[in-house]
Structures are given as C-alpha cells and as structure tokens.
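Participant: Pasting in a structure now, in structure tokens, and then I'll have a few things to ask.
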Amino acid sequence: MEETPSAHMPSVAVIGAGSWATAIVKILNEGPINVHWWMRSEEQVQHIAEFAHNPRYLSDIQVNLQKVKPSSNLLEVIQSADLLVLALPAAFVHQAFEKADPSWFEGKTVFSAIKGMIPGRNEIISDYLVNVFGLKPHQIGIIAGPCHSEEVALERQSYLTVSAVDAELGFKMSQLLDCRYIHTHVIVNDVQGIEYATVMKNIISLAVGITRGLNYGDNFQAVLVSNAMQEMQRFLKAAAPNAERDINESAYLGDLLVTSYSQFSRNRIFGQMIGKGYTVKSAQMEMNMIAEGFYAVHSLMETNKFLKVDLPICQFVHRVLYEGISPSREIRVLEARLR
C-alpha cells in the first residue's frame with residue numbers, strides 16, 4: 001500500500017535540481033519521509049508536478065508525488081522542514097541564497113551534499129553557513145560518497161558517509177538515508193575534513209582525465225592516484241587538524257577512487273576533453289553539466305596560499321585550467337614530482 005503524507009512523518013527539504021539532488025530525493029522517497037524539493041525553475045517544478053520525473057536530470061527516476069512537493073519558493077521550502085539537505089553546485093550556492101536571511105535557519109539542521117567550494121569566497125559549505133548565516137557547528141553535517149547519482153538511479157548497491165559534530169544528529173541522518181540499495185556509515189566530527197576531501201577528489205579526477213586525454217595509461221594513473229592520496233592527507237592535516245581520521249575510509253580513499261575511475265565522473269570527462277585539446281569554454285559548453293573541480297581548484301589554491309601545503313597535482317590542474325599552460329608541457333613537470 002502506497003504511503004501518504006503524514007504529520008508524523010519527518011520532513012526534509014532538498015535544495016537543488018540537478019542529478020545529485022534528484023538522486024537524494026529518490027533515496028529519501030524510499031522511506032516514510034515528506035520531501036520538500038526546491039528548484040529555481042518554475043517550469044521544472046510544473047513538469048515534475050505533472051509527470052513525476054525531472055525533465056533535465058535522471059529522467060528515468062519516478063518521483064513519488066504522494067511524499068514529494070516540488071517548489072520554486074525557497075523560503076517556503078526551508079520553513080517546511082527542520083532538516084535541510086543542500087545538493088546544488090557550489091558555484092550556485094551564493095546566488096541561490098542571496099536573498100536569504102539568518103532568521104530562515106533558526107532551529108534548522110543543515111546537511112551539505114555539495115562537493116565544492118564557494119567561488120570568490122573560497123569557503124567550504126560549512127564555513128559559508130557559519131560565516132554568512134550564523135549557524136553553529138552542531139547544526140551542520142555532511143553527506144558524502146563514494147556514490148554516483150547515475151548508479152543510485154539504477155538502484156545499484158551504494159554507500160554514503162555521513163558526518164556531524166553531534167553524533168546523534170549524524171545517526172539520525174544516516175537512518176533517513178538507509179534503504180535497500182544505500183548503506184550509510186557515520187564518522188563523528190570530521191565535517192570539514194570530509195568536505196575538503198570531496199573538493200580534492202574532484203580536482204584529482206580532473207588531473208586523471210587530463211592525463212587520459214594525453215594518452216597516459218593505467219600504470220601512470222595508478223601512480224597519480226597513489227600520490228594524490230598522499231597529497232590529500234597532507235592537506236587535510238593542515239586544513240582540518242583537530243579530527244582523528246583514517247584516510248583509508250570510504251569517505252576519503254573510496255570517494256577518490258570512484259571519482260578517478262568511474263565512467264560517470266563528470267570531472268574526469270571534463271579533464272579528458274582538456275587533455276585532448278578542448279578549451280575550457282568549449283568543454284563547459286559541450287558537457288552541459290557542472291564539473292565542480294574546475295571552480296574548486298582555484299578556491300583550494302587560494303586557500304593554500306595561507307596553508308602552504310605541497311600540492312603538485314592540484315597545482316598541475318590549476319596551471320592548465322587557469323594559467324593557460326599547455327597540458328602536454330605541464331605534465332612533464334608533474335611527472336618529475338611523482339613517486
């Protein structure tokens with residue numbers, strides 16, 4: 001028997017209209033949860049309300065409209081739930097919330113499923129929420145991979161990592177996400193470390209794609225990803241030093257591997273185009289999706305001006321994408337640094 005909305009069911013607001021937001025809505029649909037789903041486009045809202053699927057992303061996913069209410073009214077969606085999940089590209093966060101007021105978030109819990117940094121501000125999402133809207137760290141959590149939205153749509157067995165300062169809050173979010181094809185794991189109190197890991201894995205995936213576009217093979221990729229893991233560990237120790245973490249856990253190593261090797265990785269695809277000779281603009285136009293690593297690498301390198309961590313792979317990506325250095329030339333510099 002199909003479940004109907006109930007005042008006794010928890011309510012979650014999902015902010016974002018892309019493939020990852022659509023996948024999260026699908027996951028939440030599996031449980032007794034009311035979902036209030038925000039997207040900027042009223043046309044997209046109307047399409048989902050009429051046809052029960054997202055016309056632009058993962059259109060095979062059928063949305064259970066008994067439990068999902070799409071809307072283009074951000075304040076209305078936020079007020080409808082105590083727990084918010086942010087699942088839009090980092091590049092659009094500031095624009096989406098430009099008219100938001102700190103009072104909107106009073107008493108709210110916010111989980112970020114965003115895998116990037118705010119361009120211009122060079123902030124991870126948890127810092128942005130604290131600095132702009134005055135949220136306290138105990139109100140903030142993160143949802144991370146390794147998990148591609150395309151495999152969620154296919155209901156392939158997948159794993160999510162949840163972290164929050166408040167352990168009880170982390171386990172609550174974990175229970176909402178657990179379903180027959182999603183397993184969750186909770187890491188207590190490493191929100192910032194996992195956020196930076198998700199940022200870096202996208203940048204590293206760009207590097208993998210660039211080298212693939214340059215016709216480097218599996219042997220080189222194995223060394224590149226191995227060195228990238230060491231690079232990530234160095235940066236996390238400097239950027240989020242207060243957490244105890246096992247860098248080999250799925251939220252760090254697993255997410256790096258799936259993003260570097262998967263056919264679904266848009267960062268790898270974007271990088272491969274660059275390696276084959278596309279300009280940044282032409283690659284962006286052809287993909288028609290956001291490669292988070294493109295924006296993130298500039299923000300990360302700006303952040304690293306203060307931390308001064310040795311990041312040869314991230315520097316390689318930045319020099320190719322932002323400084324106009326030829327990939328075939330810059331790869332020689334990187335080759336000499338890998339071990």
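Participant: Considering only segment 81-110, state which residues are part of a loop (DSSP other than H, G, I, E, B), in contact (Cβ under 8 Å) with a residue 60 or more places away in the chain and surrounded by fewer than 18 Cβ atoms within 10 Å (Cβ to Cβ). Before you say what the answer is, go through the steps one by one.
Facilitator: Filtering segment 81-110 down to residues part of a loop (DSSP other than H, G, I, E, B) leaves 81-82, 87-89, 97-101, 106-108.
Now restrict to residues that are in contact (Cβ under 8 Å) with a residue 60 or more places away in the chain: 81-82, 87-89.
The answer is 82, and nothing else.
Participant: Sticking with this one: Return yes or no: is residue 125 touching a Phe, Trp or Tyr at 6+ places or on another chain (Cβ under 9 Å), outside the structural domain of residue 312 (by TED's automatic domain parsing), buried (at least 23 other Cβ atoms within 10 Å of the Cβ) and in contact (Cβ under 8 Å) with a residue 40 or more places away in the chain? Outline the logic, then answer.
Facilitator: Working: touching a Phe, Trp or Tyr at 6+ places or on another chain (Cβ under 9 Å): no; outside the structural domain of residue 312 (by TED's automatic domain parsing): yes; buried (at least 23 other Cβ atoms within 10 Å of the Cβ): yes; in contact (Cβ under 8 Å) with a residue 40 or more places away in the chain: yes.
It is false that residue 125 is touching a Phe, Trp or Tyr at 6+ places or on another chain (Cβ under 9 Å), outside the structural domain of residue 312 (by TED's automatic domain parsing), buried (at least 23 other Cβ atoms within 10 Å of the Cβ) and in contact (Cβ under 8 Å) with a residue 40 or more places away in the chain.
Participant: Using the structure shown, decide if residue 313 is in contact with a Pro (Cβ under 6 Å, 6 or more places away or on another chain), surrounded by 13 or more Cβ atoms within 10 Å (Cβ to Cβ) and touching a residue at least 60 places away in the same chain (Cβ under 8 Å). Break it down into steps so the answer makes sense when it comes.
Facilitator: Details: in contact with a Pro (Cβ under 6 Å, 6 or more places away or on another chain): no; surrounded by 13 or more Cβ atoms within 10 Å (Cβ to Cβ): yes; touching a residue at least 60 places away in the same chain (Cβ under 8 Å): yes.
When the stated conditions are applied, residue 313 does not pass them.
Participant: Right, next: Pick from segment 251-264 the residues that are small (Gly, Ala, Ser) and closer than 25 Å to residue 303 by Cα: which of them is surrounded by the fewest Cβ atoms within 10 Å (Cβ to Cβ)?
Facilitator: Going through the qualifying residues, I end up with 254.
Participant: Can you tell me which residue is farthest from residue 26 (Cα to Cα) among those in segment 147-173 that are of a type in the set (Gly, Ala, Ser) and either assigned to a loop (DSSP other than H, G, I, E, B) or within 17 Å of the chain's Cα centre (by Cα) (or both)?
Facilitator: Restricting to residues being of a type in the set (Gly, Ala, Ser) and either assigned to a loop (DSSP other than H, G, I, E, B) or within 17 Å of the chain's Cα centre (by Cα) (or both), the top hit is 164.
Participant: With the structure loaded, tell me whether residue 65 is without any contact (Cβ under 8 Å) to a residue 60 or more places away in the chain, part of a helix (DSSP H, G or I) and of a type in the set (A, V, I, L, M) or whether it fails that test. Break it down into steps so the answer makes sense when it comes.
Facilitator: Working: without any contact (Cβ under 8 Å) to a residue 60 or more places away in the chain: yes; part of a helix (DSSP H, G or I): no; of a type in the set (A, V, I, L, M): yes.
When the stated conditions are applied, residue 65 does not pass them.
Participant: Report whether or not residue 219 is assigned to a helix (DSSP H, G or I) and without any contact (Cβ under 8 Å) to a residue 24 or more places away in the chain.
Facilitator: Numbers: assigned to a helix (DSSP H, G or I): yes; without any contact (Cβ under 8 Å) to a residue 24 or more places away in the chain: yes.
For residue 219, the condition - assigned to a helix (DSSP H, G or I) and without any contact (Cβ under 8 Å) to a residue 24 or more places away in the chain - is met.
Participant: Select from segment 165-201 the residues that are without any contact (Cβ under 8 Å) to a residue 40 or more places away in the chain and within 23 Å of residue 236 (Cα to Cα) and list them in ascending order.
Facilitator: 165, 166, 167, 170, 184, 186, 188
Residue by residue, here is whether (1) modelled with pLDDT under 95; (2) of a type in the set (Phe, Trp, Tyr); (3) in the same structural domain as residue 177 (by TED's automatic domain parsing); (4) within 26 Å of residue 156 (Cβ to Cβ) holds:
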residue: 3; (1), (2), (3), (4): yes, no, no, yes
residue: 57; (1), (2), (3), (4): yes, yes, yes, yes
residue: 67; (1), (2), (3), (4): no, no, yes, yes
residue: 78; (1), (2), (3), (4): no, no, yes, no
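Participant: Let me ask something additional. Just to verify a result, which residue in segment 271-302, among those that are within 20 Å of residue 145 (Cα to Cα) and among the aromatic types (Phe, Trp, Tyr), is surrounded by the most Cβ atoms within 10 Å (Cβ to Cβ)?
Facilitator: The qualifying residue surrounded by the most Cβ atoms within 10 Å (Cβ to Cβ) is 294.
Participant: May I ask you to list the residues in segment 255-289 that are outside any helix (DSSP H, G or I), within 18 Å of residue 320 (Cα to Cα) and not polar (S, T, N, Q)? Step through it out loud before you land on a result.
Facilitator: Start the filter on segment 255-289 by keeping residues that are outside any helix (DSSP H, G or I), which leaves 262-265, 276-279, 288-289.
Still in the running and within 18 Å of residue 320 (Cα to Cα): 276-279.
Within segment 255-289, 276, 277, 278 qualify.
Participant: Which of the residues spanning segment 30-62 are in contact (Cβ under 8 Å) with a residue 40 or more places away in the chain and not in a strand (DSSP E or B)?
Facilitator: Answer for segment 30-62, where residues must be in contact (Cβ under 8 Å) with a residue 40 or more places away in the chain and not in a strand (DSSP E or B): 30, 31, 33, 40, 57, 58, 60, 61.
The values are calculated or read from the model by the stated rules, or taken from the named source; none is laboratory data. These numbers come from a predicted model, not from an experiment. Glycine also receives a Cβ, built like all others from the backbone with ideal geometry; neighbour counts cover every protein chain displayed.
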